[in-house]
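Below: the structure, in structure tokens.
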Amino acid sequence: MEKDTFRHQGMRNRLVSLLREKEIHSQDVLNAISQVPRHLFIDPAFESHAYQNKAFPIGAAQTISHPYTVAFQSQALECGQGSKVLEIGTGCGYQTAVLCEMGVQVYSIERQQELFKFAKKKLQQLNYLPKQLIFGDGYKGLEVEAPFDGIIVTAGAPFVPKPLLSQLRVGGKLIIPVGAGETQIMHMYIRVDEKTFKKKTFGEFKFVPLLEDKN
Ligand code: SAH
């Protein structure tokens, strides 16, 4: 496996400064980003760009999210040590690793087998231990493990899947980019009680699409 060096740590420190300027203030999130070796989750050909605020291809026509996007969604969840979080779209596993580093108990679902296998191996190698990695369809959420303190969707959803709302605990938050086109608007749903959700919207983001189940 490739190495994590002082040079990489230096690049991460610069990335953390950049994220601070972009109003990422959660110390837990910044600490996690300064720890997780993002360059080990992407193709070595992109290594020199690993700590710039960029997205990259990760195989199966998918991308690793921008560091800012990962930081923004992680901060919005307001989760920490011991929180139970469901992630939809494991991809290469970078966001999963950031949440693990924050002490979150992570359940993550991926529908592309190639990426599911890659993330599983990579996270094990780096000693990030999510509670469960699931090969399946994220539109359904993970009923058997509900309720969750937070649910994070890392692909652009054409609509908000109902099961994800119903699998939040009261007080829990769903952070999801909504939009069927090239760009999406980041939405947050907070479960106020059994039947009521408070909705907030944030800026524009760009994700690969959340795809319907192919099985
Ligand atoms: N969390 C990743 C982002 C990966 S990109 C990161 O840290 O960079 C989004 C991922 O969502 C892709 O891997 C894609 O295959 C996956 N995806 C798309 N539709 C899905 C669905 N219905 N269920 C589960 N995963 C899905």
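Give region 82-103 a look and list any residue that's more than 9 Å from the ligand (Cβ to nearest atom) and either at negative phi or open to solvent by less than 10 Å² (accessible area, probe 1.4 Å) (or both), or say none.
Result: 83, 84, 85, 86, 99, 100, 101, 102.
Do you know which residues across region 130-171 are surrounded by 14 or more Cβ atoms within 10 Å (Cβ to Cβ) and of a type in the set (Asp, Glu)?
Result: 137, 145, 149.
Considering only region 63-81, state which residues are part of a strand (DSSP E or B) and surrounded by fewer than 22 Cβ atoms within 10 Å (Cβ to Cβ).
Listed by number, the list holds a single entry, 63.
Output yes when any residue across region 104-111 is of a type in the set (S, T, N, Q) and outside any strand (DSSP E or B), and no when none is.
No, there is no match, as no residue in region 104-111 is of a type in the set (S, T, N, Q) and outside any strand (DSSP E or B).
Within region 19-52, which residues are assigned to a helix (DSSP H, G or I) and touching a Phe, Trp or Tyr at 6+ places or on another chain (Cβ under 8 Å)?
Answer for region 19-52, where residues must be assigned to a helix (DSSP H, G or I) and touching a Phe, Trp or Tyr at 6+ places or on another chain (Cβ under 8 Å): 19, 38, 39, 41, 46, 49.
Can you name the condition, by its number, that residue 139 falls short on among (1) within 14 Å of the chain's Cα centre (by Cα); (2) under 15 Å from residue 174 (Cβ atoms); (3) near the ligand (Cβ under 10 Å from one of its atoms)?
Going through the list (1) within 14 Å of the chain's Cα centre (by Cα); (2) under 15 Å from residue 174 (Cβ atoms); (3) near the ligand (Cβ under 10 Å from one of its atoms), residue 139 breaks only (1).
Please indicate, with yes or no, whether at least one residue in region 82-89 is in a helix (DSSP H, G or I), in contact with a helix residue (DSSP H, G or I) (Cβ under 9 Å, 6 or more places away or on another chain) and at pLDDT 95 or above.
No, region 82-89 has no match at all.
Return the only residue of 64, 88, 134, 152 being among the aliphatic types (A, V, I, L, M) and in contact with a Cys (Cβ under 6 Å, 6 or more places away or on another chain).
Checking each option against the conditions leaves just 64.
The values are calculated or read from the model by the stated rules, or taken from the named source; none is laboratory data. Since this is a predicted model, take the numbers as computed values, not measurements. As a convention, Cβ positions derive from the backbone with ideal geometry for all residues, glycine included, and neighbour counts pool all protein chains shown. Just so you know, the surface numbers come from the protein's heavy atoms only, side chains and all, with ligands and any DNA or RNA stripped out. Shrake-Rupley method; radii C 1.70, N 1.55, O 1.52, S 1.80 Å.
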